[in-house]
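The values are calculated or read from the model by the stated rules, or taken from the named source; none is laboratory data. Small disclaimer: the values here were computed from a predicted structure and weren't measured. Positions of Cβ are generated from backbone atoms using ideal geometry, with glycine treated the same way; all protein chains shown enter the neighbour counts.
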Amino acid sequence: MFKVRFHILLIITFLFALSASAQTTVQKQKTIDSLEHILNSSFNTSISNKEIILICDSLSQLYLKTNRNKAIEFAIRSLKSAEKEKDINLEIKPLKNLGEVYFRLDDYEKSIEYYTRLAKIYEQQNKELETAHVYSHLGAANTQWSKYDIAKSYYDKSINICKKHQDFAGIAMCLSGLANIMTHWGDYELALSQYLEALKFWEEMGNLTGIAQSYNNIGMLYQEIGEYEKANDYYKKGLAIFEELNDTWSIVNMILHIGDIYLKTEDYDKALEYYFKALEIEKGIHNKKLKAIAISNIGEAYNKKGEFLKALDYQNKALKLKEELGDKKRLSITYSELGIIYNNLGDYEKSIDFLKKGLELALEINSNYQINTSYKYLSDVYSSAGDYENAFYCFNKYTEGSEQVNSMENKKIIGQLQSQYQLEKKEKENQILRNSEQYNEAQIRIQWLIIGLVSIILIASFILAFVFKRREQQKKKLNVQLALKNKEIEQQGENVQKLNAELQEANATKDKFFSIVAHDLKNPFNSLILLTEMLLDDIDTLTKEEIVEYLEKIKTSSENTYMLLQNLLDWASSQTGKHKVHPEKIDEKSLALEMLSLLLPNAENKEISMRSDIPANSYSFADKNMISTVLLNLLSNAIKFTPRKGKINISFINKKSSHVFVVSDNGVGISEKDRKNLFRIDKKIQNKGTEKEPGTGLGLLLCKEFVEKNNGHIWVESELGKGSKFFFSIPVK
């Protein structure tokens, strides 16, 4: 009897849990108490492991917004119990809850861990749409964790699946996520286009949360490009919707954004009013991320007001919170703000140190706006400190960035897109008004009809309205499908162009290979065969000196053929992708001397002097075998095209992040026409050396391949009759 009563109670409590979103706080607490009582009594009752899993899932969901530590506790208990059952279907709910709760706690690494596990389950079950939704969550988590390239790949995969299944809400979510990444990268034109497209989807579906979030996103974009009035309008429209929905987190977020607008327009007291208001509301939800942003913004406002010590106190508090969160983008902002405060206090050393930290993080996450801001403030501080060289360098960097961030063309295109959107929206409103007027006129006419026909007319009107609505829905759906198909066709066109380019390069590679095998490799072997036949035929009549001369020619021809064959094999291997890069620390002086010693006999035969000016304790980081091959080829070419008693030198230029090797000679030089085609596989250049040494141009192609595989660059400076200088760079670390 107890068991029956217990299961009835279990069913009732689950019904409470399922309707939790519609319950009051008191009702939810009663549901939680009932479920926890059942769970705590599980040792004295016959509750199965599966029932425990379901109860834990419900409790985790109920605690999600009120007590996230409890939400994690019950979700992990559910997951462990599900793993014991060895039923992956039971793991789905706790993995969802854990992914969501860690995202809300700003622990994006753990959120990604659980969402990745969930995605693998859905992939195994071939549940495409569910997989797409998890990809979207992974895109959002990686965006917040400043891993933008990974985030974009997840959004791209998700949106393709959503398009296939015509999941318009999923498409809108992905468009917003991609637009966030484009805004971060400074591609405002594409970002606004995607935001507006997402907004259309939300409006078509009547999704208030999606509409409000789109207003927020568009406001942030306008704020970033300096259109503060437009940004404020969108923020206030979004805030009104979030207040209607009673979404506290979003309300705080929007209030912070509105405060930012007052800060940008120098109304600092108004900005502080909004920031403190946001901080007060945040206490009800205990969100560390929002708290960090609010405190940092308060610090910035006090700094603008000239209250530097207050500003410093708030920014240090914000720094501690952001370091706990691991939010690189906002850490970069706080470092910059601390740098600005210390500059205002006259402590240039600390100011430069914090600004450099901010710049380093901004460069790491490729935040164009923050990079530009960091360079501007660094230029100001260096100037104040009297370091005009660094001030000028940073100012140039800031100027270059400003051209990109504040591009008038971007603003013009954004304005056009916004106008187009407003025009379409206005047209929809007019259409609704016209339909409304027509409906009213029809109603007036109906009143004059015979009473006996009223019921028939009402039925006919209902049928017509139903058909009209269905047609409108079909039309909207077809319009969306057509837009998606057009985009797919455009993408296919781009893929075809890319494929054609790859095929052309592959053909050029094939032609080069057959040319070398058929001609350049065959000729040296013919020479070898001819020389050996002549030696064998005339050996009885030749003097010792003549035999030695023949043997020297055979040796030289063999060495050239071997060099050509080695380059051919290395180059062919690089084309198939078999050459893997294995970077290591390289002693540059030792490497240069080793290559010179290998080619010393060749140089002595032509009475050419060779030396290295690379100092001791010079190190770089690259694949030693590849760099050795590059130096060997460049030195061999220098010997080949330098006349007798010439000079060859290896030197290097020390740059901040790389070393540039320079192989120079006073040989015959290279014409302007040949210089342009020197590193191109589709152009054949075959010039013989000063003593008719053969060449194929393959060595330089191999040099280019190997340098670029090591993240370097190769180029040449030369004039006919004035020698040549070949440069190539490799990273320092």
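Name the pairs: first residue in the range 182-197 and under 17 Å from N368 (Cα atoms), second residue acidic (D, E) and at pLDDT below 85, Cβ to Cβ under 9 Å, at least 6 apart or on different chains?
Pairs found: T183/E224; G186/E224; Y188/E224; E189/E409.
Please go through the range 81-95 and give me each residue that is surrounded by 14 or more Cβ atoms within 10 Å (Cβ to Cβ) and over 15 Å from A119 (Cα atoms), ordered by number.
Once the filter is applied, which keeps residues that are surrounded by 14 or more Cβ atoms within 10 Å (Cβ to Cβ) and over 15 Å from A119 (Cα atoms), the range 81-95 yields S81, A82, E85.
Each row is one residue, and each column tells you yes or no for (1) modelled with pLDDT under 90; (2) aromatic (F, W, Y); (3) farther than 27 Å from S146 by Cβ; (4) surrounded by fewer than 16 Cβ atoms within 10 Å (Cβ to Cβ).
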{"site": "K277", "(1), (2), (3), (4)": "no, no, yes, no"}
{"site": "K283", "(1), (2), (3), (4)": "yes, no, yes, yes"}
{"site": "H286", "(1), (2), (3), (4)": "yes, no, no, yes"}
{"site": "I298", "(1), (2), (3), (4)": "no, no, no, no"}
{"site": "E307", "(1), (2), (3), (4)": "no, no, yes, yes"}
{"site": "L319", "(1), (2), (3), (4)": "yes, no, no, no"}
{"site": "E323", "(1), (2), (3), (4)": "yes, no, no, yes"}
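Output the residues belonging to the range 110-131 that are closer than 17 Å to K163 by Cα and either under 23 Å from the mean Cα position of the chain (by Cα) or in contact (Cβ under 8 Å) with a residue 12 or more places away in the chain (or both).
E128, L129, T131
Suppose the filter is outside any helix (DSSP H, G or I), under 39 Å from the mean Cα position of the chain (by Cα) and modelled with pLDDT under 90; does F661 pass it? Before the answer, list the steps.
Working: outside any helix (DSSP H, G or I): yes; under 39 Å from the mean Cα position of the chain (by Cα): yes; modelled with pLDDT under 90: no.
It is false that F661 is outside any helix (DSSP H, G or I), under 39 Å from the mean Cα position of the chain (by Cα) and modelled with pLDDT under 90.
Might you let me know whether the range 52-61 holds any residue that is modelled with pLDDT of 85 or more, surrounded by fewer than 17 Cβ atoms within 10 Å (Cβ to Cβ), out of contact with any Ser or Thr (no Cβ under 9 Å at 6 or more places or on another chain) and part of a helix (DSSP H, G or I)?
Checked against the condition, which is being modelled with pLDDT of 85 or more, surrounded by fewer than 17 Cβ atoms within 10 Å (Cβ to Cβ), out of contact with any Ser or Thr (no Cβ under 9 Å at 6 or more places or on another chain) and part of a helix (DSSP H, G or I), the range 52-61 yields no hits at all.
For the range 208-306, please list each of the helices (runs of 4 or more DSSP H) lying entirely inside it that holds at least 3 residues being over 22 Å from L321 (Cβ atoms). Spell out the reasoning first.
Working: elements: 208-224, 228-245, 248-264, 268-282, 288-305.
Correct list: 208-224, 228-245, 248-264, 268-282.
Would you point out which residue out of S146, S111 is surrounded by 21 or more Cβ atoms within 10 Å (Cβ to Cβ) and not in a helix (DSSP H, G or I)?
Values: S111 fails: not in a helix (DSSP H, G or I).
One residue alone meets the criteria, S146.
Which pairs turn up if I take residues in the range 61-88 that are of a type in the set (G, A, S) and look for partners that are part of a helix (DSSP H, G or I) and surrounded by fewer than 17 Cβ atoms within 10 Å (Cβ to Cβ) with beta carbon separation below 6 Å, at least 6 apart in sequence or on another chain?
Close Cβ pairs satisfying both conditions: S81/N49.
So F103 fits all but one of (1) touching a Ser or Thr at 6+ places or on another chain (Cβ under 7 Å); (2) at pLDDT 90 or above; what number is the exception?
So F103 meets the others, but not (2).
Could you list, in sequence order, all residues of the range 627-658 that are crowded, with 18+ Cβ neighbours inside 10 Å and in a strand (DSSP E or B)?
Passing the criteria: I648, I650, F652, S658.
If you go through the range 573-582 one residue at a time, do you hit one that is surrounded by 13 or more Cβ atoms within 10 Å (Cβ to Cβ), on the phi < 0 side of the Ramachandran plot and at pLDDT 65 or above?
No.
Being touching a residue at least 24 places away in the same chain (Cβ under 8 Å) and closer than 28 Å to N372 by Cβ is the filter; apply it to the range 152-173 and report the residue that is surrounded by the most Cβ atoms within 10 Å (Cβ to Cβ).
Per the criteria, the residue is Y155.
Tell me, yes or no, whether the range 377-394 has at least one residue that is in a helix (DSSP H, G or I), closer than 30 Å to H286 by Cα and out of contact with any His (no Cβ under 6 Å at 6 or more places or on another chain).
Scanning the range 377-394 turns up no residue that is in a helix (DSSP H, G or I), closer than 30 Å to H286 by Cα and out of contact with any His (no Cβ under 6 Å at 6 or more places or on another chain).
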